[in-house]
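The values are calculated or read from the model by the stated rules, or taken from the named source; none is laboratory data. Values in this document were obtained by computation on a predicted structure and should not be read as measured data. Cβ atoms come from the backbone with ideal geometry, glycine included; neighbour counts cover every protein chain shown. These area figures cover heavy atoms from the full protein model, side chains too; ligands, DNA and RNA do not enter into them. Shrake-Rupley method; radii C 1.70, N 1.55, O 1.52, S 1.80 Å.
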Amino acid sequence: GAEVTGLTTITGVLDANDTTQSSSSSTGAAKFAGGVGVAKNLYVGGGAEVTGLTTITGVLDANDTTQSSSTTTGAATFAGGVGIAKNLFVGGGAEVTGLTTITGVLDANDTTQSSSSSTGAATFAGGVGVAKNLFVGGGAEVTGVTTITGTLDANGDLDVDGHTELDF
C-alpha cells in the first residue's frame, strides 16, 4: 500500500472498496490512529459500537418504534443506570420493578374515581405504609377488620350499622 504523510486534502469522494468488517478500533476497511472530525452528517449503515464517554450536545432522536417489554427490548436499552437531570416524559405506560424511591412530590393527576381496591387513579396490589398523616378529601370505604391502636377522634357524627360492642 501507499503511505501518505503530512496534510492531505481530498476534494472528491473517498471510496474505500475494502469490505473488511470492523470489530475494534484497530480493524476494518479504514483505521484512524487519531480522532476523526466530521463537519456534516454521519451515516452508519450497520451498527455502531462506541466505547468510552460519549457526549451528545444536540438532540438524540431514536426513531426506532420497537415496543419495550423488558430491560433488554425496545428502541433504547441500557445495561447500566440512567441519570436524568431534568424532566422525564413517558408517553405510554411505565413498568418499574425493584425498590423505587421518590424523594420529591408524587403527583398523580388522573381523576379516576375509586370504587374498589382495583380501581382509581392509583392501585396497590400489596399493602401501603404511611409514615406521616394521611388526608382523605372524599369518603373512605374500608372492608375487613380495621384495628386502631391509637386514639380515634371522631369530630362529626358516628353512624354505626350492625352490632357494636364497646369495652371499657
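Among (1) open to solvent by less than 100 Å² (accessible area, probe 1.4 Å); (2) over 30 Å from GLU141 (Cα atoms); (3) not β-branched (Val, Ile, Thr), which single condition is PHE78 missing?
(1)
Could you tell me whether region 110-130 includes any residue that is assigned to a loop (DSSP other than H, G, I, E, B), among the aromatic types (Phe, Trp, Tyr) and over 28 Å from LEU88 (Cα atoms)? Let's see the steps before the verdict.
Of region 110-130, the ones assigned to a loop (DSSP other than H, G, I, E, B) are 110-130.
Okay, now just the ones that are also among the aromatic types (Phe, Trp, Tyr), so 124.
Subsequent filtering for residues that are over 28 Å from LEU88 (Cα atoms) retains none.
Within region 110-130, none of the residues are assigned to a loop (DSSP other than H, G, I, E, B), among the aromatic types (Phe, Trp, Tyr) and over 28 Å from LEU88 (Cα atoms).
Under 8 Å between Cβ atoms, which residue pairs at least 6 apart in sequence (or on different chains) link something in region 146-168 that is within 27 Å of GLY127 (Cβ to Cβ) with a partner that is among the charged types (D, E, K, R) and open to solvent by 100 Å² or more (accessible area, probe 1.4 Å)?
none
Consider THR27 carefully, then state whether it is farther than 30 Å from GLY92 by Cβ, open to solvent by 100 Å² or more (accessible area, probe 1.4 Å) and among the polar types (S, T, N, Q). Break it down stepwise before answering.
On the way: farther than 30 Å from GLY92 by Cβ: yes; open to solvent by 100 Å² or more (accessible area, probe 1.4 Å): no; among the polar types (S, T, N, Q): yes.
It is false that THR27 is farther than 30 Å from GLY92 by Cβ, open to solvent by 100 Å² or more (accessible area, probe 1.4 Å) and among the polar types (S, T, N, Q).
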